[in-house]
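S.K.: Following this message is one structure expressed as structure tokens.
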Amino acid sequence: MNAETLKLCGLIILLGPLVGALLAGALAPVLRGRSHWPAILGVGAAFAGAVQVLRVISGAPVGARHLRVPIYSWIADGAGSWFNVEFLFDPLTSVMLLVVTGISLLVVIYSRDYMRHHDHPERGYERFFAFLALFVFAMCNLVLGGNFLLLYLGWEAVGLCSYLLIGFYYERPAAAAAAKKAFLVNRVGDFGFGLGLLLIYLHFGSLQYDVVFDLVQRGLDAAGQPLGEGLLTAIALLLLCGACGKSAQLPLHVWLPDAMEGPSPVSALIHAATMVTAGVFMIARCGAIFSASPTAMHVVAAVGALTALFAATIALVQTDMKRILAYSTISQLGYMFLGVGVYAADSAVFHLYTHAFFKALLFLGAGSVMHAMGGIIDVRHFGGLRRLLPWTFATFLIGSLALAGFPSLSGFFSKDEIIHHALTAHWLLGGMGLLTALLTAFYTFRMVFLAFFGRERVPEGVHAHESGAWMLLPLVVLSIGAIVAGYVGFEPVSRRFHEFLSPVFAGTFVARNPAHAHGAHAAVASGFWAHYGLMVVSGGLAIVGILAAYLIFVAEPWLAGLARATWPRAHRTLWNKYYVDELYAGGIVGPARTTGRVCVGLDDYLIDGLLWLITAVPQGLAFALRGFQGGAMQSYAVTMVAGAAVIVLAVFWM
């Protein structure tokens, strides 16, 4: 591969969004309502660089699709470089860069109209685009970094940018609280992630990917001593803590639904293809560490399966479109974790890739509805929008079909692969995946039927209108991706996507995958059902879920009320999200605040009281002695004589 070309592309990918962010912020008084242009051009340059990276890597021989490109020595220890700023180019990097920059570019274009009202920019318009471009820079740094230190810097920068974007409407208490919640919950996961990196450096003496992964695969530490499985398990589980925080997996999922307080483009950018997929990317990148610990892999698979099913059940009763999609994102990320946990990292990345198209499409579609409804997004307050918003409805329907796993759309192919591998690993994991697929189709089309079908209803005072070209163009492009993106990994067509990724996972996940080891990925028997039986089942479940939603919410809407009345406790539990937030508030937040108040009281009364007492002694002595300093010469003379007399008597007495 051409190292100079890749180096130049990497610099463009990083500097394009960074310069765009700086210009959007610095030139705000000059650009005003045109501050979107630096962000669009900067992210567009990054996308062009990502396309070139993909072209160069895909054109290289299969065995030469891995290249580390040093940029400069960052920290030197006197005997050589200690930490380098370096890029790592391989198929996984190229796929992630293309997804991140491509979706980000569409989101930035969409935001141009979304952040305007009656063609007037919102307050903070310039700040919004500066933050968007800065977020893309941070995410690209996370993906491109060739060592754990750069990964960690990008990881934390992404968290900071998400805080700024979620809290964009900081004057609203709910938005400020959501931003703070996202930041603090991620700090919990990042604490474990940081400890994992410290363990890596302590035992391997390096934070460079190639060095660490080579030692892990050889089973040795930096001193040449054999590695224990317990150490690798500890490192993997600590890294998993960070992944659970960033990718909103149990039990650190609580920040993502509240993050919907940010603008809809932020939801599409952070919660579709970029920040929330960082955890999946990190585990896939660290495949040598995770696949070397069966215990860690079991935990990853269990967390993924539980999260997928858990979030899908909550989405069944939510009424806010963006929150439904938020829980759907958590559930789909659970699928990705499940795929990685059953040694099918290529299928997990495939689902990451397809999910980016249809989930970004759905979030932007929800934003189009919100834009038309005057900021209202609760499906109980409107209906029949398919006639009022025909383009939004058509694209939203395509995204919903892809999310539901409808046959022939992108989500169907990638989700089916993960379920296949999960069933190969354990019937319970596969069963949870199939049940989640059924629930996904049901809650997705519950949302579609409530919002777009039935009689036309809009909030009072709202004049519904279709979005403009700046918003519709990204929706159309993403809907095309939601239709065709899955075919690059469809077996009868080519499976080129998996073949392209195979060098990344060949010595880690694939080598230990029972499906590959026992030939289960290929059919164990000939015939249609052996090849496509599970595909038919999962596609059938998607159709059943859609038909059930139609029956309950369109044909016989009284059934929904009957279900709520029949199972009020279950409905209340799901509506309150299994009371996890309340559990955290009572078990963690409340005691922490009480402890804080106690500490403040100790500081105010005990510590400050001791300080007051210490200072009171000299103050009291000074008050008592100042009576002797009245300024009268006679008093001073008498005092001197008395003092001299005392001294004389003392001398003679002794």
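S.K.: Of all residues in segment 163-175, how many are closer than 14 Å to residue 256 by Cα and in a helix (DSSP H, G or I)?
M.R.: Here the count works out to 5.
S.K.: Can I ask one more? With respect to the numbered conditions (1) more than 27 Å from residue 106 (Cβ to Cβ); (2) outside any helix (DSSP H, G or I), which one is the sole condition not fulfilled by residue 424?
M.R.: If we test residue 424 against (1) more than 27 Å from residue 106 (Cβ to Cβ); (2) outside any helix (DSSP H, G or I), just (2) comes out false.
S.K.: Starting from residues that are of a type outside the set (Gly, Ala, Ser) and surrounded by fewer than 22 Cβ atoms within 10 Å (Cβ to Cβ), keep the ones in segment 226-237 and report whichever is nearest to the chain's Cα centre (by Cα).
M.R.: Among those that are of a type outside the set (Gly, Ala, Ser) and surrounded by fewer than 22 Cβ atoms within 10 Å (Cβ to Cβ), it is 237.
S.K.: Please find, among 49, 102, the residue that is touching a Cys at 6+ places or on another chain (Cβ under 7 Å) and more than 22 Å from residue 286 (Cα to Cα).
M.R.: 49
S.K.: May I ask you to say which residue of 377, 419 is at pLDDT below 90 and either out of contact with any Gly (no Cβ under 8 Å at 6 or more places or on another chain) or not acidic (Asp, Glu) (or both)?
M.R.: 377
S.K.: Say we look at segment 306-331 and pick out the residues that are polar (S, T, N, Q) and closer than 23 Å to residue 397 by Cα; which of these is nearest to the chain's Cα centre (by Cα)?
M.R.: Ranking the candidates gives 329 first.
S.K.: When only residues in segment 551-609 that are part of a helix (DSSP H, G or I) and among the aromatic types (Phe, Trp, Tyr) count, which is farthest from residue 441 (Cα to Cα)?
M.R.: The first filter runs over segment 551-609 and keeps only residues part of a helix (DSSP H, G or I), leaving 551-555, 558-566, 568-575, 577-609.
Keeping just the survivors that are among the aromatic types (Phe, Trp, Tyr) gives 553, 558, 575, 578-579, 584, 605.
Details: 553: 14, 558: 20, 575: 19, 578: 21, 579: 24, 584: 30, 605: 59 Å.
So, considering only residues that are part of a helix (DSSP H, G or I) and among the aromatic types (Phe, Trp, Tyr), the one farthest from residue 441 (Cα to Cα) is 605.
S.K.: Regarding segment 329-336, can at least one residue be identified that is under 27 Å from residue 266 (Cβ atoms), hydroxyl-bearing (Ser, Thr, Tyr) and out of contact with any Leu (no Cβ under 8 Å at 6 or more places or on another chain)?
M.R.: yes
S.K.: Look through 365, 334, 262 and report the one residue that is at pLDDT 90 or above, farther than 17 Å from residue 396 by Cα and either in contact with a Cys (Cβ under 9 Å, 6 or more places away or on another chain) or buried (at least 24 other Cβ atoms within 10 Å of the Cβ) (or both).
M.R.: The unique qualifying residue is 334.
S.K.: I need every pair where a residue in segment 174-187 that is under 19 Å from residue 157 (Cα atoms) and in the same structural domain as residue 253 (by TED's automatic domain parsing) has its Cβ under 8 Å from the Cβ of a residue that is assigned to a helix (DSSP H, G or I) and among the basic types (Lys, Arg), sequence separation at least 6 or different chains.
M.R.: Qualifying pairs under 8 Å: 186/246.
S.K.: Take segment 63-95 and flag every residue that is under 20 Å from residue 208 (Cα atoms), touching a Phe, Trp or Tyr at 6+ places or on another chain (Cβ under 8 Å) and among the aliphatic types (A, V, I, L, M).
M.R.: 67, 69, 71, 75, 76, 85, 88, 92
One line per residue, one yes/no per condition, for (1) assigned to a helix (DSSP H, G or I); (2) hydrophobic (A, V, I, L, M, F, W, C); (3) in contact (Cβ under 8 Å) with a residue 40 or more places away in the chain:
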{"residue": "39", "(1), (2), (3)": "yes, yes, yes"}
{"residue": "48", "(1), (2), (3)": "yes, yes, no"}
{"residue": "53", "(1), (2), (3)": "yes, yes, yes"}
{"residue": "57", "(1), (2), (3)": "yes, yes, yes"}
{"residue": "94", "(1), (2), (3)": "yes, no, yes"}
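S.K.: Given the criteria modelled with pLDDT of 90 or more, more than 20 Å from residue 344 (Cβ to Cβ) and aliphatic (A, V, I, L, M), does residue 394 qualify?
M.R.: For residue 394, the condition - modelled with pLDDT of 90 or more, more than 20 Å from residue 344 (Cβ to Cβ) and aliphatic (A, V, I, L, M) - is met.
S.K.: Let me ask something else. Can you confirm whether segment 63-86 contains a residue that is modelled with pLDDT under 90 and in a helix (DSSP H, G or I)?
M.R.: Yes - at least one qualifying residue is present in segment 63-86.
The values are calculated or read from the model by the stated rules, or taken from the named source; none is laboratory data. Since the structure is predicted, the reported quantities are computational estimates derived from the model, not experimental observations. Here Cβ is always computed from backbone atoms with ideal geometry, including for glycine, and neighbour counts include all displayed protein chains.
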